[in-house]
1. Is it true that some residue in segment 111-118 is part of a strand (DSSP E or B) and in contact with a helix residue (DSSP H, G or I) (Cβ under 9 Å, 6 or more places away or on another chain)?
2. What is the number of the single condition among (1) open to solvent by 60 Å² or more (accessible area, probe 1.4 Å); (2) in contact (Cβ under 8 Å) with a residue 40 or more places away in the chain; (3) assigned to a helix (DSSP H, G or I); (4) more than 23 Å from Thr118 (Cα to Cα) that Ile18 does not meet?
3. Considering only residues that are hydroxyl-bearing (Ser, Thr, Tyr) and out of contact with any strand residue (DSSP E or B) (no Cβ under 9 Å at 6 or more places or on another chain), which ones fall in segment 8-51?
4. Out of the residues in segment 21-47 that are open to solvent by 100 Å² or more (accessible area, probe 1.4 Å) and more than 20 Å from Lys131 (Cα to Cα), state the one that is modelled with the lowest pLDDT.
5. Looking at Tyr120, Tyr158 in this structure, which one is among the hydroxyl-bearing types (Ser, Thr, Tyr) and within 18 Å of Gly77 (Cβ to Cβ)?
6. Take the residues of segment 119-143 that are open to solvent by 80 Å² or more (accessible area, probe 1.4 Å) and part of a strand (DSSP E or B): which is farthest from Val29 (Cα to Cα)?
7. His59 - would you say it is open to solvent by less than 60 Å² (accessible area, probe 1.4 Å) and within 20 Å of the chain's Cα centre (by Cα)?
8. As an exercise: evaluate Tyr64 against (1) part of a loop (DSSP other than H, G, I, E, B); (2) surrounded by 10 or more Cβ atoms within 10 Å (Cβ to Cβ) and give the number of the one condition it does not meet.
Amino acid sequence: MENLNTEQSAFDPENFSIVPQRGFDELKVGEVFRAPSRTLTDAHASAFQTISCDNHPIHYDKEYAERYGHEAPVVHGLQVLSFTAPGATLLPHYFGNVFISFLELSCSFLKEVHSGDTLYSSLTITDLEPKGNTGIVTTKVEVYNQKSELVLEGQHKYLLKR
């Protein structure tokens, strides 16, 4: 437990962290970092449409979507991908000041997502590649819906100091 007596120690914002920071060599293949579940609403889809400037009617016009074989307007794929943002989990907090950059990402969209779906995302460390005084962390990213269907899978790579 932390000492709550501020008279004995001064607060230092440089040392404030949500979780203990860990270096590259302290990470382990197989560690899983989950984001809180989130139920998508029409408001989320509208906000993303505004930000992305993607105005295709497949994303907001029920009749258009049905005419092309969809049960409802389809949530933007990039919006579903955003559920894999490392910052949606505690992973970057563990990285702390050893984080250098987000190197790359890839994904496959496996099932449609609609307003009203609840999404569950996770990042699992699959590879740790030391490279001198840096290291590359590879994570498998997955997003499931409330029906336990995998709707997106892919990977991220991050560069960390060692």
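The values are calculated or read from the model by the stated rules, or taken from the named source; none is laboratory data. None of the values given here were measured: they were computed from a predicted structure. Glycine also receives a Cβ, built like all others from the backbone with ideal geometry; neighbour counts cover every protein chain displayed. These area figures cover heavy atoms from the full protein model, side chains too; ligands, DNA and RNA do not enter into them. Shrake-Rupley method; radii C 1.70, N 1.55, O 1.52, S 1.80 Å.
1. Restricting attention to segment 111-118, the residues satisfying the condition of being part of a strand (DSSP E or B) are 118.
Restricting the remaining residues to those that are in contact with a helix residue (DSSP H, G or I) (Cβ under 9 Å, 6 or more places away or on another chain) gives none.
Taking every residue of segment 111-118 in turn, none turns out to be part of a strand (DSSP E or B) and in contact with a helix residue (DSSP H, G or I) (Cβ under 9 Å, 6 or more places away or on another chain).
2. Of (1) open to solvent by 60 Å² or more (accessible area, probe 1.4 Å); (2) in contact (Cβ under 8 Å) with a residue 40 or more places away in the chain; (3) assigned to a helix (DSSP H, G or I); (4) more than 23 Å from Thr118 (Cα to Cα), only one is false for Ile18: (3).
3. Let us first name the residues in segment 8-51 that are hydroxyl-bearing (Ser, Thr, Tyr), namely 9, 17, 37, 39, 41, 46, 50.
Residues satisfying the conditions are Ser9, Ser17, Thr41, Ser46, Thr50.
4. Asp42
5. On the way: Tyr158 fails: within 18 Å of Gly77 (Cβ to Cβ).
Exactly one of Tyr120, Tyr158 is among the hydroxyl-bearing types (Ser, Thr, Tyr) and within 18 Å of Gly77 (Cβ to Cβ), namely Tyr120.
6. Initial filter on segment 119-143 (open to solvent by 80 Å² or more (accessible area, probe 1.4 Å)): 120, 131, 133, 140.
Imposing the further condition that a residue be part of a strand (DSSP E or B) reduces the set to 120, 131, 140.
Details: Tyr120: 21, Lys131: 16, Lys140: 11 Å.
Ranking the qualifying residues of segment 119-143, first place goes to Tyr120.
7. Judged against the criteria, His59 is not a match.
8. Result: Tyr64 passes all but (1).
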